[in-house]
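*Asks:* Before I ask anything, let me first share the structure, which is written out below as structure tokens.
The values are calculated or read from the model by the stated rules, or taken from the named source; none is laboratory data. Please read these numbers as outputs of a predicted model, since none were measured by experiment. Glycine also receives a Cβ, built like all others from the backbone with ideal geometry; neighbour counts cover every protein chain displayed. Ligands, DNA and RNA are excluded from the accessible area calculation, which covers all protein heavy atoms including side chains. Shrake-Rupley method; radii C 1.70, N 1.55, O 1.52, S 1.80 Å.
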Amino acid sequence: MTPSSTSAAKRDPFPVNWWTRALWAVALAYVVYAFGLLDLNWDRMVAGMGHGGDMLARMVPPNFSRWSLLLEGMLESLEIAVLASAVGILLSLPIGFLAARNMMPPWITWPARALIAICRSFHPVIVAIIFVKAVGFGALAGILALIVASIGFIAKLFAEAIEEISLKQVEAVRATGASFGNVIIFSVVPQVLARFVGFATYQIDSNLRNSTMVGIVGAGGIGGTLFSAFQRFDYDFVAAILISLIAVIMAGEYLSIWVKEVFK
Amino acid sequence: DDCQSRGSLDVIYCDADGDLVADAPTDPSKWRDPSTLVFTYTPVEDPAVYRDAFKPFQDYLTEKTGKKVIYYTVQSNAAEIEAMRSGRLHVAGFSTGPTGFAVNLAGAVPLAVKGTEQEFQGYNLIVIVKKDSPFQTLADLKGKKVAHTSPSSNSGNLAPRALFPDQGLVPGDDYEVLYSGKHDQSVLGVNSGDYDAAPVASDVFKRMAERGVVNADDFRIIYTSPKFPTSSFAYAHDLHPDLVAKIREAFRDFRFPPEMQNTFGGADRFFPVTYKEDWGVIRQIAKSIGEEYDRKGLDDMAKKEAEKAAKKKAN
Amino acid sequence: MTNAADPVQGTHRRLQRFTPVERFSRWLVLLLVVSAIVVSTRHVQIIPEFLYDAPEQMLDLLQRLWPPDLSYYQIGVHEALVETLHIASLGTILALILALPVALFSARNITSNPVLQVLAKFILVSSRSVNSLVWALLFVAIFGPGTLAGVLAIAFRSVGFVGKLLGEALEEANMGTIEALSATGAPRLSILLKGYWPQVKPALWSIALFRWDINVRESAVLGLVGAGGIGVALNNALNTFYWDKVSTVLLSIFAVVIIAELVVTEIRKRII
Amino acid sequence: MSVTGNGTTSASDPRGLGPADAAAGVAKSMRIRGLFKEYRPGVPVLKGIDLDLEGQGVTAIIGPSGTGKSTLLRCMNRLVEPTRGEIIFEGQDIVSLNRAGLRRLRRKVGMVFQEYNLVERLSVIENLLCGRLGYVSPFKAWLRRFPAEDIDRAFELLDAVGLGEFAQQRADNLSGGQRQRVGIARALMQAPHILLADEPTSSLDPKTSVEIMELMAKLAGERDIPVVVNIHDVALGRRFAQRVVGMSEGTIVYDGPPGGLTDAHLKEIYGGEDWLN
Amino acid sequence: MSVTGNGTTSASDPRGLGPADAAAGVAKSMRIRGLFKEYRPGVPVLKGIDLDLEGQGVTAIIGPSGTGKSTLLRCMNRLVEPTRGEIIFEGQDIVSLNRAGLRRLRRKVGMVFQEYNLVERLSVIENLLCGRLGYVSPFKAWLRRFPAEDIDRAFELLDAVGLGEFAQQRADNLSGGQRQRVGIARALMQAPHILLADEPTSSLDPKTSVEIMELMAKLAGERDIPVVVNIHDVALGRRFAQRVVGMSEGTIVYDGPPGGLTDAHLKEIYGGEDWLN
Ligand SMILES: Nc1ncnc2c1ncn2[C@@H]1O[C@H](COP(=O)(O)OP(=O)(O)OP(=O)(O)O)[C@@H](O)[C@H]1O
Ligand SMILES: Nc1ncnc2c1ncn2[C@@H]1O[C@H](COP(=O)(O)OP(=O)(O)OP(=O)(O)O)[C@@H](O)[C@H]1O
Ligand SMILES: [Mg+2]
Ligand SMILES: [Mg+2]
Ligand SMILES: O=P([O-])([O-])[O-]
């Protein structure tokens, strides 16, 4: 074998990438600077820890005595999530399909993508503020806000899923002389169906979580109750609400696992 | 625009009769006669508690008007006022300060305040500091962190601006105004040391202490104002006159059941008031600091703040 | 070759898409979905009257939103906007740091201890179930209103998201590579550093960017509950009925969100 | 089920599936003249291909990677648009067909892909029925309402490729060899007048490769249609083809029986020589 | 850099990289006795394998798919846990090693994988240095502080496999053949006392396959270590191995020189006969 050559010894196995180093340095500098803005100091941390401990202490035991209020808000949240998801998903399908660049020409994908971008831009709570103004307090505003959010999410992912499908399978079906519709039905739909069910269940999940929050601006659901429990410092009730929320969302997660299994 | 006089009201309203509140639309086709009445109470306190508390009245209102009455809980004064302006809210209890905005911006017509046969309920503006703090008078608060609640609040913002200068403390000049959002947040902020002091409504503070949220003994009250009326109850100006008559009747005849009396500190009925008469003192407060309960008023206030901020920056 | 007309072969076999169980499950899902929708529609409190004149109210709103009071940008928006970006960035960074161990514990090909796995799972689920606004409420109560509460809210909400996706990325790592490294006799930590890390690095950056993008949106509303950022300006404008300022705030948020998305897309293109 | 001998065969006889399709003069023949293909202008991949495919039998196209074998094959059913030249199939110039015409053409051209290109999430039998999609309306396709004859034929073909048991399995549960057999069956479901196969065995192990080539040769023989196979494995190509076409850099450098293919030819086609043992 | 002839060799000589490692009696020998492996209880995949590997030279293991070739190979460095039996390597029983012992063992066993299993996002040179991870602390590995000798040796090996130019390229930019060469170099970086290769050529085209086999045989010869190769391609195995082990259904059915491997043996190993041409 070759004896250890001098030329080899001089070669550097790990040349320095100055760009990467510079980026890391910038990132580090930013973190230091930005943490400075937080106004963090020892006293505040200690006081905060004290409050936190206090709060935790007052959270146990959770107080379920106002269960009817809890149940009512929870139900409304669920209803908001269900209706928003149903309408949102229904609208997302065509919009997402129109936005897929491997299926549609640019003059169709562009407006579709713009619509999706607008729907995604604003947090559901902000959208809810607008809808509360338009249709008043209550579930309807929440539903409308979450429909917008659903479109922004599902239509986008759906379009991406369509863009990511294996074109080989599409090509194979096309090579049989199938019409456009048949190509979609037999090569696009089977490839995206399972993923779509995945997005849809995720969105229901996410709508459920968000429906617990649009209440903060008056758009119905448990959020209003939670918000005022916070403001009243009823931390034991807050704990009860949070526990119920997590339980419902966990249950939803198992349900969605099952649904995904069915449509895998 | 054929409106003769409008006062502080927004351009979409008219006040021909000079009672300072919006007149019903002259065009009967604009009168609303909704199938469902939406009712709510000021969001300062636990909406759920109040919804339950107002249940007897809600039923009574249904009985009197023959309409379904829904209680929606709201989370902010502004949202409540906006809702009435949009026709999404028909009958509502507004906080003292926001009542002015409700009248001017949302066409609310106040008609009652909780009270007894003799008088309506009142509350004071108090300034709280931590007991172990060195502050004894308002003047001690110069250069300190003082939290107001929200711009439209009477006791949490407007009254302090009107009343403090006489005590040697000019909000905005002697200290930078921080908005906490709500009375209870101001109290909590003082408790946790985030703020040095805060002007808050006495009834909110009292209730928080009773609930055990804070310990009253941890605080010192260094200022107490004269009495103001508590929340007003109002209806939307564009409701059908027949409906308005029934609503007025309901407010006039309703008597609080014992439980409701408990919740509302002994009040047993709605005491009739008018905005022109009974909110005079509140308007006076606002006026004395050059504020109007309308957009322009807030505008001016914002401008002043901005100028001050700019000056500070320049220094 | 058999003829098409041959009946014996052809007729007894039918085109069957699903097994009876699959068919039943699909019907069950459909039934559940439909009944959920029907029940919700009937039970939820909606006043249809409010829908009829919604366009009118929207118009009123638009009139009050337009024209935006652009002068407000300098006074009340700019600083808050920058603060929002700080909240989103710091929150994301903090989330990354917190999520790393959780992700390692949650990945089945790395951690075999079931207790750690359950713990990790629990952290991931609770972080995601609780909305960032609720986290914000919690931290405002603990640390008082301000940026700190916002950063913590964003971080705690993001841990679940980042941890879950990172855990999945770890589980998807090419085990052949890992096997090859263990076949050299490398210690576990070295395998983590030289086998897993290079494989999940792009995924991690991509997750971080994705989450940052979301966090920019989320941190824009934290101010509604007092946790700093542009939401405070929005809340103030709303509370003072300044819809022309509201529109300035909304436009700024929109601009920032779009720019953030463009930046993310651009960076992602480069690193992947 | 007779072939009328002109280009409209399958339109009037949409399910001309039987083995009885006689190889009439024009039918089942393909004539390529002066075929050029440039993916990027000025860089031709195919540089004037002339090729006649007639009657039955397997034609193997061999040649190094990147020489344009796939491109040539894909031009034959216009999955790739030829730049210049003629491809006359059953009397019609493929290159000038409009969309509807192209669809009708493709129904008559069966294609087997290197990576099988099955629709992975559909069942095996549904994949076979994909071969009939050119004849079924989207609505019926959605509801899986295929004509009974098609379904029967699909099951028969499935038996013929030895996968009778797997009809309801999802395609992604199959092994490579099984998948390719489904791919062949799908192509044959079209009752094609020509079968094209682009490296049908290169994702398969040697034994399965042999089986697949055998199957294609046998089935094509039964149906009496020409089969064109792109193939990397020269030995395999030689063994199953009646004719070998050697390509190098976009042109045909050998066209003749497998027996005539010498080491010299192979060197010309592939370059180098060490690798020949 | 001499081998002391007992199991602690590499501990005292952690970078025994030189070609000077003499093939002492016990070192570089592997003795397998009565090896059983069951993935599911009661279903043995390996059914009592006895095998002795000694000295230098390539041993090719052939056999049909699923017969346990990979399992056997992977038992040899315990990537798979044997169920029963002994594997004595350099005087130590691999089967009974504890974790630390196993790590020390694995440092001496080089492995080349069918799908290369490089760390795709690391540079070629870093992939090579991964072969030294058994000797470098994680902290140093993280900071890329490898001993200078290791780095020199990595560059030398890279030159030896003809990839000197590619040191800084990311592994995923390489072609299959190049990747496999990196895989081999990585295994050799370990200065192994035995080299195992599980179908190292089956992801490669025929020409590259030959080159890879040549390279392995040559480098192993230079380093004087035994090489065990699982291989599908019988011709290739025959060409490069000094010894062929034929497996069928978990047992060894042929063990001898490639010349002795008759068609009868092949039939016994693979079953069927059509595929033999
Ligand atoms: N869609 C395309 N766009 C641009 N160039 C292409 C395209 N498809 C193929 N090419 C180029 O055309 C040339 C011929 O490709 P082709 O796939 O026909 O070769 P091949 O002979 O089939 O090779 P292989 O044996 O690797 O499949 C190659 O240089 C390839 O890079
Ligand atoms: N991890 C595992 N768990 C269960 N069964 C396994 C596992 N790995 C392999 N097997 C089974 O053990 C048997 C032998 O597999 P092995 O991979 O050793 O075969 P092989 O001879 O290498 O085949 P190939 O040539 O396809 O690589 C096969 O039946 C396989 O299904
Ligand atoms: Mg090709
Ligand atoms: Mg194997
Ligand atoms: O107006 P206030 O009720 O907030 O004082």
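*Asks:* If you count the DSSP beta bridges with both ends in the protein assembly as shown, what percent of them are antiparallel, to the nearest 5?
*Replies:* Antiparallel: roughly 60 percent of the beta bridges in the protein assembly as shown.
*Asks:* Also, I was wondering about something else. Using alpha carbons only, how many degrees (0 to 90, rounded to 10) separate the axis of helix E:176-189 from the longest principal axis of chain E?
*Replies:* Helix E:176-189 sits at roughly 70 degrees to that axis.
*Asks:* As a quick test, which of the pairs C:LYS194/E:LYS28; B:LYS182/B:LYS206; D:LYS47/D:LYS69; C:LYS164/C:LYS201; B:LYS142/B:LYS182 have an alpha carbon distance above 18 angstrom in this structure?
*Replies:* In this structure, C:LYS194/E:LYS28; B:LYS142/B:LYS182 exceed 18 Å between Cα atoms.
*Asks:* Calculate one ³J(HN,Hα) per residue across the range D:92-99 by plugging θ = phi - 60° into the Karplus curve 6.51 cos²θ - 1.76 cosθ + 1.60, and present them in order as whole Hz with x for glycine and proline.
*Replies:* Coupling constants for the range D:92-99: 10, 8, 4, 4, 9, 5, 7, 4 Hz.
*Asks:* Taking E:LEU102 in one copy and the same position in all the others, each labelled 7 Å out along Cα→Cβ, what are the pairwise distances from the first, in nm, shortest first?
*Replies:* Its label point is 5.8 nm from the equivalent points in the other copies.
*Asks:* Something else now. With every protein chain left in place, what is the accessible area of C:SER126 in Å² (1.4 Å probe, nearest 10)?
*Replies:* For C:SER126, solvent-accessible area is about 20 Å².
*Asks:* To continue, here is another question. Distances from E:GLU81 to the same position in the other copies: list them in nm, one decimal, shortest first, using label points 7 Å from Cα along Cα→Cβ.
*Replies:* Inter-copy label distances (nm, one decimal, shortest first): 6.1.
*Asks:* Let me ask another. Could you run the Karplus curve 6.51 cos²θ - 1.76 cosθ + 1.60 with θ = phi - 60° over the range E:119-131 and give me ³J(HN,Hα) per residue in whole Hz, x for Gly and Pro?
*Replies:* After applying 6.51 cos²θ - 1.76 cosθ + 1.60, I find 7, 4, 8, 9, 6, 4, 5, 5, 4, 4, 5, 4, x Hz.
*Asks:* Taking each full run of DSSP H in chain C as one helix, which ones are at least 24 Å long along their axis (Cα atoms) and have mean Kyte-Doolittle hydropathy of at least -1.0?
*Replies:* C:20-43, C:78-106, C:147-171, C:197-222, C:243-271
*Asks:* Also, quick follow-up: Counting only protein chains, not ligands or nucleic acids, how are E:LEU204, A:LEU71 ordered by accessible area (probe 1.4 Å), most first?
*Replies:* A:LEU71, E:LEU204
*Asks:* With only Lys, Arg, Asp and Glu charged, each at its Cβ (+1 for the first two, -1 for the last two), find how big the charge dipole of the protein assembly as shown is about the Cα centre; round to the nearest 20 debye.
*Replies:* 1680
*Asks:* Next question. Provide the buried accessible surface between chains C and A in square angstrom, both chains summed, 1.4 Å probe, rounded to the nearest 100.
*Replies:* By this definition, chains C and A bury close to 5500 Å².
*Asks:* OK, next. Can you give me the convex hull volume of the Cα atoms of the protein assembly as shown, divided per residue and expressed in Å³?
*Replies:* 227
*Asks:* Out of A:SER85, A:SER211, A:SER179, any idea which swings most in a Gaussian network model of chain A, alpha carbons joined below 10 Å?
*Replies:* Per the Cα network of chain A with a 10 Å cutoff, A:SER179 tops the list.
*Asks:* If you don't mind, there's one more thing I want to ask. If amide hydrogens are placed 1.01 Å from N in the peptide plane, which non-local residues have theirs closer than 5 Å to the one on D:LEU204?
*Replies:* none
*Asks:* Can you compute the FRET efficiency between B:ASN262 and A:ALA251 using 1/(1 + (r/R0)^6), with r the Cβ-Cβ distance and R0 = 30 Å? Round to the nearest 0.05.
*Replies:* The calculated FRET efficiency here is 0.15.
*Asks:* Among C:LEU98, C:LEU61, C:LEU166, determine the one that fluctuates most according to a GNM of chain C built with springs between C-alpha atoms less than 10 Å apart.
*Replies:* The residue that fluctuates most here is C:LEU61.
*Asks:* Amide H of E:VAL109 versus every other amide H placed in the peptide plane: which residues, excluding those fewer than 5 positions away on the same chain, fall under 5 Å?
*Replies:* Amide H neighbours of E:VAL109: E:HIS193.
*Asks:* Shape of chain B from its Cα gyration tensor (a ≥ b ≥ c, root eigenvalues): rounded if a/c is under 1.5, otherwise prolate when a/b > b/c, or oblate?
*Replies:* Judged from the Cα gyration tensor, chain B comes out oblate (a/c at least 1.5, b/c at or above a/b).
*Asks:* To confirm my reading of the symmetry, which residue of chain E has the Cβ nearest the axis that brings E onto D, and what whole-Å distance does it have?
*Replies:* E:ALA235, 5
*Asks:* Enumerate the calculated ³J(HN,Hα) couplings along the range D:166-175 in order (Karplus 6.51 cos²θ - 1.76 cosθ + 1.60, θ = phi - 60°), each rounded to whole Hz, writing x wherever the residue is Gly or Pro.
*Replies:* 9, 3, 8, 6, 6, 4, 7, 8, 8, 7
*Asks:* Can I ask one more? Skip the ligands, DNA and RNA, and give the accessible area per residue of the protein assembly as shown with a 1.4 Å probe, whole Å².
*Replies:* 41
*Asks:* At a Förster radius of 51 Å, what calculated FRET efficiency corresponds to the Cβ-Cβ distance of C:ARG268 and D:LYS140, to the nearest 0.05?
*Replies:* That gives a FRET efficiency of 0.75.
*Asks:* Now, a different point. In the range C:156-196, whose amide N lies under 12 Å from the spot 7 Å out along Cα-to-Cβ of C:PHE210? List them in ranges.
*Replies:* Within reach of a label on C:PHE210, which here means backbone N under 12 Å from a point 7 Å along Cα→Cβ, the range C:156-196 contributes C:161-170.
*Asks:* Another question about this same structure. Please return the longest stretch of chain C lacking exposed loop sites, where trypsin sites (Lys or Arg not before Pro) count only if DSSP places them in a loop and at most 15 other Cβ atoms lie within 10 Å.
*Replies:* Between the exposed loop sites, the longest stretch runs C:109-272.
*Asks:* Relative contact order for the range B:43-179 using alpha-carbon pairs under 8 Å, separation at least 6, rounded to a whole percent?
*Replies:* So the answer I get is 18 percent.
*Asks:* A further question follows. Expressed as a whole percentage, what fraction of the accessible surface of the protein assembly as shown belongs to carbon and sulfur atoms when a 1.4 Å probe is rolled over the protein heavy atoms?
*Replies:* The C+S portion of the solvent-accessible surface of the protein assembly as shown is 58 percent.
*Asks:* Moving on. How many nanometers, to one decimal and shortest first, lie between the label point of D:LYS140 and those of its other copies, if labels sit 7 Å from Cα toward Cβ?
*Replies:* Result for D:LYS140, in nm, nearest copy first: 7.4.
*Asks:* Checking the a/c ratio against 1.5 first, then a/b against b/c, what shape does the Cα gyration tensor give for chain A?
*Replies:* oblate
*Asks:* Pairs B:LYS227/B:LYS287; A:LYS133/C:LYS245; B:LYS144/C:LYS245; C:LYS269/E:LYS140: which exceed 22 Å Cα-Cα?
*Replies:* B:LYS144/C:LYS245; C:LYS269/E:LYS140
*Asks:* Once amide H atoms are placed 1.01 Å from N in the peptide plane, what residues at a sequence separation of 5 or more from E:VAL253, or on another chain, have their amide H within under 5 Å of its amide H?
*Replies:* E:GLY246, E:MET247, E:SER248
*Asks:* Can you pull the one-decimal nm distance between simple spin-label points at E:GLU54 and B:ARG6, each 7 Å off the Cα toward Cβ?
*Replies:* Here the modelled spin labels are 11.0 nm apart.
*Asks:* Okay, moving on. Using a 1.4 Å probe and ignoring any ligands, DNA or RNA, find the accessible area of E:PHE155 and quote it in Å² to the nearest 10.
*Replies:* Surface open to solvent at E:PHE155 totals about 0 Å².
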